[in-house]
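The values are calculated or read from the model by the stated rules, or taken from the named source; none is laboratory data. Source: prediction; values computed, not measured. Glycine gets a Cβ as well: all are built from the backbone with ideal geometry, and neighbour counts include every protein chain shown.
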Amino acid sequence: MDVVVHCATASRRRLEAEIARTLLEAARRAGQPYLVYISIVGVDRVPLGYYQGKLAAERLVEESGLPYTILRATQFHDLLRAVFAGAARLPAVPLPDLRFQPIDVSTGCGWPIAF
């Protein structure tokens, strides 16, 4: 293989870094392919555990010695819908003090387009 695109994710901070570490070790054994790591815009500024896990994984990629690209995408509309739908079952819906610039995944082109 020439390129590995890592777009898997984990909800727990430590698990995100462990998944990246495992993939990096496998990539080294497989002949040092180019690695593309999909991350999130703002992981270096948002103090949420999930974002901190993505940032830790980014650092592992940067320090891996493998050729790489880190692509920071914005959130998907579907993710926000799922988050707010889950919160809607609560007696009150907490609204985080965060800015969002979600991606519309219904473009039909295979890759999300940011608006």
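Values for this structure:
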read-out	value
Residue list for region 36-52, filter: β-branched (Val, Ile, Thr), assigned to a loop (DSSP other than H, G, I, E, B) and free of Cβ contacts under 8 Å to residues at least 40 places away in the same chain	43
Filter pass, residue 24 being at pLDDT 90 or above, in contact with a Phe, Trp or Tyr (Cβ under 9 Å, 6 or more places away or on another chain) and either among the hydroxyl-bearing types (Ser, Thr, Tyr) or under 28 Å from residue 1 (Cβ atoms) (or both)	no
Qualifying position, being more than 23 Å from residue 97 (Cβ to Cβ) and surrounded by 13 or more Cβ atoms within 10 Å (Cβ to Cβ), among 8, 26, 20	20
